[in-house]
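The values are calculated or read from the model by the stated rules, or taken from the named source; none is laboratory data. Please read these numbers as outputs of a predicted model, since none were measured by experiment. Cβ: placed from backbone, ideal geometry, glycine included. Neighbour counts: every protein chain shown.
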Amino acid sequence: MFSKLKKAFWVFGLGVFFLILFLPGYTKLQELKDKNRDLEVKVKRLKVENTLLEQELNRIENDGTYQEKIVRDKMGIVRKGEIPIKIVPESKE
């Protein structure tokens, strides 16, 4: 009788020991896997953004019409003889 109880106690004790020994490492492993997954998603998103920016840069460098559009829209530059007109929306009062 005591032999079975003693054996069960040792099995239980070893189980608790291994749980205490390996649980922190397992928890840390899961945290690192989650962080790795998040970083992989971020890398994919940044690669897409980088590709779009490279396409934009290529278009700016090689497309004269697009260059003019950017200069006109973002910098407000006009050609000689043109009169710039700004449309101001009416305020709701």
ask   = Do you know which residues across segment 6-64 are under 30 Å from K74 (Cα atoms) and basic (K, R)?
value = K42, K44, R45, K47, R59
request  = Give the residue, chosen from I83, I87, I77, that is at pLDDT below 95, of a type in the set (A, V, I, L, M) and in contact with a helix residue (DSSP H, G or I) (Cβ under 8 Å, 6 or more places away or on another chain).
outcome  = I77
message = If I ask for residues that are among the polar types (S, T, N, Q) and either touching a residue at least 60 places away in the same chain (Cβ under 8 Å) or surrounded by 10 or more Cβ atoms within 10 Å (Cβ to Cβ) (or both), which ones from segment 37-71 would you list?
response = N50, T51, Q55, N58, Q67
